[in-house]
Amino acid sequence: MTDIEGVGAARDQARVLIVDDDQNLLDSAARLLRGDMEIFTAASGKEALAVLDSCGPFAVIVSDLKMPGMDGIELLSRVSRSHPDTVRVLLTGHADMQAAIDAANLGYVYRFLTKPCPPEVLRLEVKNAVAFADLLRDQRELAVLKRCKVLLEGVVRGFSSLVEARDPYLAGHQQRVTALTLSIGREMGMTGGELETLRVAGLLHDIGKVYVPTDLLSRPGILREEELSVIQMHPEVGYEILKHLDQDWPVAVIVRQHHERMDGSGYPQGLAGRFITQGARILAVADVVDAMCSQRPYRSSLGITKALEEIEKNRGRLYDERVAGICLELFRNKGYSLTEPSDNLWDFSD
Ligand SMILES: [Fe+2]
């Protein structure tokens with residue numbers, strides 16, 4: 001008989017399938033384990049495979065060895081292939097010990113228990129098997145996260161170099177801005193996801209320049225008003241490119257606002273004060289410092305002294321008071337300098 005309803009079925013409980021041709025043993029095992037986990041039962045190997053397919057995923061399967069038709073070892077060897085994430089436990093008599101050891105050595109079985117198995121031992125061993133299944137699941141999820149992280153790094157790196165390849169004056173700019181942005185963020189007490197958001201926003205903050213014709217980006221001399229307005233669309237274009245990123249990571253919003261100024265004189269939305277997100281206030285200061293220190297088609301580098309004077313002069317008016325203060329402190333008293341981008345900028349592990 002198959003108990004496809006489950007016994008003691010709470011949604012987030014681990015699912016455990018008990019397989020035995022002895023109905024009394026199935027009933028007592030279900031009574032013993034209910035409450036701690038969601039118990040399903042099957043009276044044969046064939047039935048067990050059907051339950052695994054229709055009611056899974058199962059954390060653990062506990063099977064008797066001797067059953068008519070498909071025996072426990074054959075069942076668990078099949079489960080090891082069809083449901084490799086289900087932890088497999090074999091119940092065996094002393095006479096079949098060698099067969100159980102062989103099954104364990106072949107990887108079909110995580111653990112075998114000898115019959116008769118005292119209730120407290122069965123309960124403990126099944127709980128251990130569930131804990132092992134949880135551990136395996138966590139390891140799998142961690143492996144997926146690591147692959148996603150590598151994927152994210154690759155995508156961000158590719159996007160970042162895409163815009164810099166189109167604008168030779170931008171080479172290394174986004175990375176230097178990111179390094180300074182992260183340093184300011186850390187000084188402000190940011191950690192974890194906040195820093196990762198800053199990192200991605202910094203590395204991609206000028207992505208919207210893919211929309212700007214390359215001759216406009218590298219043309220020396222003063223640009224006409226309509227040409228300037230094309231360049232000034234890049235935060236909005238960047239926002240459009242990035243807006244589908246995770247809502248918990250406001251990368252797109254920071255990118256959209258990185259040319260906004262505290263008095264409302266920036267672009268594209270003319271936001272002021274508290275309407276500008278903190279990440280954008282940090283990025284804005286770092287962006288100005290690096291831009292002033294970089295060569296541009298229409299001027300040579302103005303140098304760090306001039307850049308810091310600009311931040312100091314407009315501290316609280318154009319630039320966030322606290323962010324500007326931390327930036328000045330970093331350069332003047334903490335030995336910070338705009339260095340060439342380092343490889344660990346791409347390491348998303350803060
Ligand atoms: Fe920009």
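Annotations
- In segment 90-101 there is at least one residue matching the filter, namely being within 19 Å of residue 22 (Cβ to Cβ) and either under 39 Å from the mean Cα position of the chain (by Cα) or in a loop (DSSP other than H, G, I, E, B) (or both).
- The residues of segment 294-309 that are surrounded by fewer than 17 Cβ atoms within 10 Å (Cβ to Cβ), within 24 Å of residue 267 (Cα to Cα) and not small (Gly, Ala, Ser), listed by number, are 295, 296, 297, 298, 299, 302, 306, 309.
- Between 89, 121, the distinction of being modelled with pLDDT of 90 or more, aliphatic (A, V, I, L, M) and farther than 23 Å from residue 52 by Cβ belongs to 121 only.
- Close pairs (7 angstrom Cβ cut-off, 6 or more residues apart or separate chains): modelled with pLDDT under 85 in segment 333-344, of a type in the set (Lys, Arg) anywhere: 341/176
- Among the residues of segment 240-250, the ones that are surrounded by 17 or more Cβ atoms within 10 Å (Cβ to Cβ) and either assigned to a loop (DSSP other than H, G, I, E, B) or modelled with pLDDT of 95 or more (or both) come to 3 in all.
- Residue among 253, 200, 289, 285 that is part of a helix (DSSP H, G or I), surrounded by 14 or more Cβ atoms within 10 Å (Cβ to Cβ) and in contact with a Leu (Cβ under 7 Å, 6 or more places away or on another chain): 289
- Considering residues of segment 188-209 that are charged (D, E, K, R) and over 20 Å from residue 322 (Cα atoms) only, the residue nearest to the ligand (Cβ to nearest atom): 206
- Every residue from segment 203-232 that is assigned to a loop (DSSP other than H, G, I, E, B) and out of contact with any Pro (no Cβ under 7 Å at 6 or more places or on another chain): 205, 206, 212, 213, 221, 222, 223, 224
- Residues that are within 16 Å of the ligand (Cβ to nearest atom) and part of a loop (DSSP other than H, G, I, E, B) were ranked within segment 271-282; the one that is surrounded by the most Cβ atoms within 10 Å (Cβ to Cβ) is 276.
- Residues being assigned to a helix (DSSP H, G or I) and surrounded by fewer than 17 Cβ atoms within 10 Å (Cβ to Cβ) - total across segment 105-124: 6
- Residues of segment 48-89 satisfying the condition of being over 34 Å from the mean Cα position of the chain (by Cα) and either within 11 Å of residue 17 (Cα to Cα) or free of Cβ contacts under 8 Å to residues at least 12 places away in the same chain (or both): 48, 49, 62, 63
- Segment 247-270 - residue that is within 15 Å of the ligand (Cβ to nearest atom) and touching a Gly at 6+ places or on another chain (Cβ under 7 Å) and, of those, nearest to residue 321 (Cα to Cα): 260
- Test result for residue 216, surrounded by fewer than 18 Cβ atoms within 10 Å (Cβ to Cβ) and either under 22 Å from residue 292 (Cα atoms) or within 12 Å of the ligand (Cβ to nearest atom) (or both): yes
- Looking only at segment 182-193, residues that are assigned to a helix (DSSP H, G or I), surrounded by fewer than 22 Cβ atoms within 10 Å (Cβ to Cβ) and touching a residue at least 12 places away in the same chain (Cβ under 8 Å) come to 5 in all.
The values are calculated or read from the model by the stated rules, or taken from the named source; none is laboratory data. As the structure is a prediction and not an experimental result, all values here were calculated from the model. Positions of Cβ are backbone-derived with ideal geometry, glycine not excepted, and every protein chain shown enters the neighbour counts.
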